[in-house]
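See below for the structure under consideration.
The values are calculated or read from the model by the stated rules, or taken from the named source; none is laboratory data. Just so it is clear, the structure is predicted and the values come from calculations on it, not from any experiment. Cβ atoms come from the backbone with ideal geometry, glycine included; neighbour counts cover every protein chain shown.
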Amino acid sequence: MLETRDLTIRFGGHVAVDSVSCAFQPGTLTAIVGPNGAGKTTYFNLISGQLPASAGQVLLDGQDITGLPAPLRTRLGLGRAFQLTQLFANLTVRENVRLAIQAREAGRGQGGGWGGVDLFRVWLDRKAWIDEAEAVLAQVRLAGKADLLAAALPHGDQRKLEVALLIALDPKVFMFDEPTAGMSVDEVPVILDLIRGLKAQLWASGKGTILLVEHKMDVVRELADRIIVLHNGQLVADGEPAAVIASPVVQQAYLGMAAEEPA
């Protein structure tokens, strides 16, 4: 579904991501881990189009998308949640999700017709988008806060809203960059439940894949089907979670600490 081939980016003389080749299959959740500065978020930025590659390729469903900007990659099916929340702060929670649905349909050549040619169709489209937005908000447990401004939400609810935007976009690839960052201990399980439920849906349909950058190894161990490890911009390990976590190279590279004992 998604593949990188020798993906590389250089900043002056520094190689931040160094010839990383990896393929991601439908219905799976892959965790990308490594110490600070390993190139994890930079690798995400190369895949989603926030940064231009110095060399190598990004392919989605076999199509080379390396030269495409981020908005076009989103239209083709790359959905990205950032480490810092990216929301329309001065719009309501409902309108944030409704706009994501409208953008999805416009990208597919459906709806989005606001020229007045068929006002009844426009009304029906808008009603359908709002109804779907309500359903998505219920899924992420924000139905009771639909009329609040996004800026008024506490941090944990903003992260839930960002997951809602991804679900509304209905991408082929869900990309989560440290989704539990800055969340309280009580809030983390809610986000994990959302990702776990999304993974189950994708596994059942075989129509999507999830990439997850995360520092918390207990989260990685619980959710991931596969772990890839970056260190100094290079791919140093790739495999099933238990085997990767136990490998000496990961014990040494991951924050310079011994691997945690299996739960």
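Remarks
- Candidates 166, 212, 137, filtered to the one that is within 16 Å of the chain's Cα centre (by Cα) and in a helix (DSSP H, G or I): 166
- Evaluation of residue 180 against (1) more than 21 Å from residue 3 (Cα to Cα); (2) outside any loop (DSSP other than H, G, I, E, B); (3) among the β-branched types (Val, Ile, Thr); (4) under 14 Å from the mean Cα position of the chain (by Cα) (one fails), failing number: (2)
- Qualifying residue in segment 35-49 (condition: assigned to a strand (DSSP E or B) and not aliphatic (A, V, I, L, M)): no
- Options 56, 49: the member that is buried (at least 16 other Cβ atoms within 10 Å of the Cβ), without any contact (Cβ under 8 Å) to a residue 60 or more places away in the chain and out of contact with any Pro (no Cβ under 7 Å at 6 or more places or on another chain): 56
- Hits in segment 237-250 (condition: part of a strand (DSSP E or B) and either over 22 Å from the mean Cα position of the chain (by Cα) or of a type outside the set (A, V, I, L, M, F, W, C) (or both)): 238, 239
- Filtered by the rule that a residue be over 22 Å from residue 77 (Cα atoms), of a type in the set (Lys, Arg) and in contact with a helix residue (DSSP H, G or I) (Cβ under 7 Å, 6 or more places away or on another chain), segment 184-224 gives a lone residue, 221.
- Tally, over segment 30-41, of residues that are surrounded by fewer than 23 Cβ atoms within 10 Å (Cβ to Cβ) and at pLDDT below 95: 4
- Restricting segment 45-99 to residues that are basic (Lys, Arg) and out of contact with any Phe, Trp or Tyr (no Cβ under 6 Å at 6 or more places or on another chain), the residue that is modelled with the highest pLDDT: 94
- A count restricted to segment 202-213 and to residues that are among the charged types (D, E, K, R) and either at pLDDT 95 or above or crowded, with 22+ Cβ neighbours inside 10 Å (or both) stands at 0.
- Flag for residue 30 being touching a helix residue (DSSP H, G or I) at 6+ places or on another chain (Cβ under 8 Å), in a strand (DSSP E or B) and under 28 Å from residue 245 (Cα atoms): no
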